[in-house]
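The structure under discussion appears below in the form of structure tokens.
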């Protein structure tokens, strides 16, 4: 992937600036697809080469207003580590700090409060393996019980434990969470998880009887998706194309 533009600061690495551009793009795409919730929820990204420093949105801005330059750099405790006119919502970073600290491979974490995601999170059965979209999550999604607004620091260990090795988790009665090695991979996972939830709700509301798939078929399909998503796979992730589409709508995320 090529660097989108030059860093605004002479002390900022090109790798950090690229991470900022990709994260800002992720915020815009989440908003564009109706998965934002005004000022609530977050998307965070690890700063390349800086250990436990992360980028997150300024508190009070809508996802559609996030830019590469206004992202805030923080540490694992939510402390701002560079000069900025913005503030963050420390309570909102509890979930993200837990995943980043417990999963070194989780460079990007996305959390949403969509209608479809919350609806499935409120169902005892959770996400069901009904469609091809949901097959990628068969035996590859975890659940975390509701404990309140997730602003208690001691909840972090339970979040990491419940996520386990998976890249997707349903926060019961709350919403959805995914992580990935890059903003592009995390966005793709969230897009597919959100669509899986919508499909399930459509099936449930149809009044029809869902087709029951054989377990061997579901396991086979899940493994097929695993092959597509392994790091280093030659299968395109579609991220450059998404950025091109976003550029035609509003390229200001790159500023």
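Only a single criterion out of (1) surrounded by fewer than 15 Cβ atoms within 10 Å (Cβ to Cβ); (2) on the phi > 0 side of the Ramachandran plot; (3) within 19 Å of the chain's Cα centre (by Cα) is not satisfied by residue 150, namely (1).
Residue-level check: of (1) surrounded by fewer than 16 Cβ atoms within 10 Å (Cβ to Cβ); (2) in contact with a helix residue (DSSP H, G or I) (Cβ under 7 Å, 6 or more places away or on another chain); (3) more than 27 Å from residue 217 (Cα to Cα), residue 139 misses just (3).
Exactly one residue out of 118, 110 is on the phi < 0 side of the Ramachandran plot and assigned to a strand (DSSP E or B), and it is 110. Of all the listed residues (69, 97, 64), the sole one being over 30 Å from residue 162 (Cβ atoms) and assigned to a helix (DSSP H, G or I) is 64.
Residue-level check: of (1) farther than 25 Å from residue 71 by Cβ; (2) at pLDDT 95 or above; (3) out of contact with any strand residue (DSSP E or B) (no Cβ under 9 Å at 6 or more places or on another chain), residue 152 misses just (2). Residues considered: 177, 163. Of these, the only one that is in contact with a strand residue (DSSP E or B) (Cβ under 7 Å, 6 or more places away or on another chain), closer than 19 Å to residue 114 by Cα and surrounded by 14 or more Cβ atoms within 10 Å (Cβ to Cβ) is 177.
Of everything listed in (1) more than 13 Å from the chain's Cα centre (by Cα); (2) surrounded by 15 or more Cβ atoms within 10 Å (Cβ to Cβ); (3) outside any strand (DSSP E or B), the single unmet condition for residue 87 is (2).
Taking every residue in the range 242-255 that is without any contact (Cβ under 8 Å) to a residue 12 or more places away in the chain and on the phi < 0 side of the Ramachandran plot and pairing it with any residue that is buried (at least 18 other Cβ atoms within 10 Å of the Cβ) and in a helix (DSSP H, G or I), at least 6 positions away or on another chain, the pairs with Cβ-Cβ distances below 9 Å are 245/29; 247/253; 247/254. Can you tell me how many residues within the range 29-43 are surrounded by fewer than 18 Cβ atoms within 10 Å (Cβ to Cβ), part of a loop (DSSP other than H, G, I, E, B) and at pLDDT 95 or above? The qualifying residues number 2.
The values are calculated or read from the model by the stated rules, or taken from the named source; none is laboratory data. Please read these numbers as outputs of a predicted model, since none were measured by experiment. Neighbour counts run over all protein chains shown; Cβ positions are idealised from the backbone, glycine included.
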